[in-house]
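Everything below concerns the one structure shown next.
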């Protein structure tokens, strides 16, 4: 586990958010938790204000458990944003792509009619 040494800053992907902290996956084997106390030096009212699921962030390794491959992580004193753009989670509707399949035939007919009118002019 030399790749993940205490004090090192590494990149990971946010996989979960709970009231008490942020779960981060570093690779196929290693993951860690940023406890709410390791998010900011200021009061943290809502963990969701700091990261989004799926976001890639930098984390500092505070401690490690080699047996379980779990790391204690922190973003408190580092610039944790890989880029300043935050990704918004796409929420799928109940109908999913159904709306597209229902409207597709109408859209094709409309476009076909537009093309027909353009050829007759």
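Observations on the model:
- Shape parameters for the chain, alpha-carbon atoms, Rg then Dmax in Å: 23.0, 76
- Rounded to the nearest 10 degrees, the inclination of helix 98-120 to the longest alpha-carbon principal axis of the chain is 40 degrees.
- Candidates 42, 64, 76: whichever shows maximal mean-square fluctuation once the chain is modelled as a Gaussian network with Cα springs under 10 Å: 42
- Short-range pairs are left out: with C-alpha atoms under 8 Å and at least six residues apart, the relative contact order of the range 9-74 is 38 percent.
- Extension gain for residue 25 to residue 9 (0.36 nm times residue separation, less C-alpha to C-alpha distance): 4.4 nm.
- Sorted fewest first by neighbouring Cβ atoms within 10 angstrom, 62, 14 come out as 62, 14.
- Based on C-alpha pairs under 8 angstrom that are at least 6 apart in sequence, the chain has a relative contact order of 24 percent.
- Burial ranking of peptide ranges 105-111, 47-53 (average Cβ count within 10 Å, highest at the top): 47-53, 105-111
Each value in this text was obtained by applying a stated rule to the coordinates, not by laboratory testing. Treat the numbers as computed from the prediction; the structure is a model and nothing was measured. Methodologically, a virtual Cβ is constructed for each residue, glycine included, from the backbone with ideal geometry; neighbour enumeration extends over all protein chains shown.
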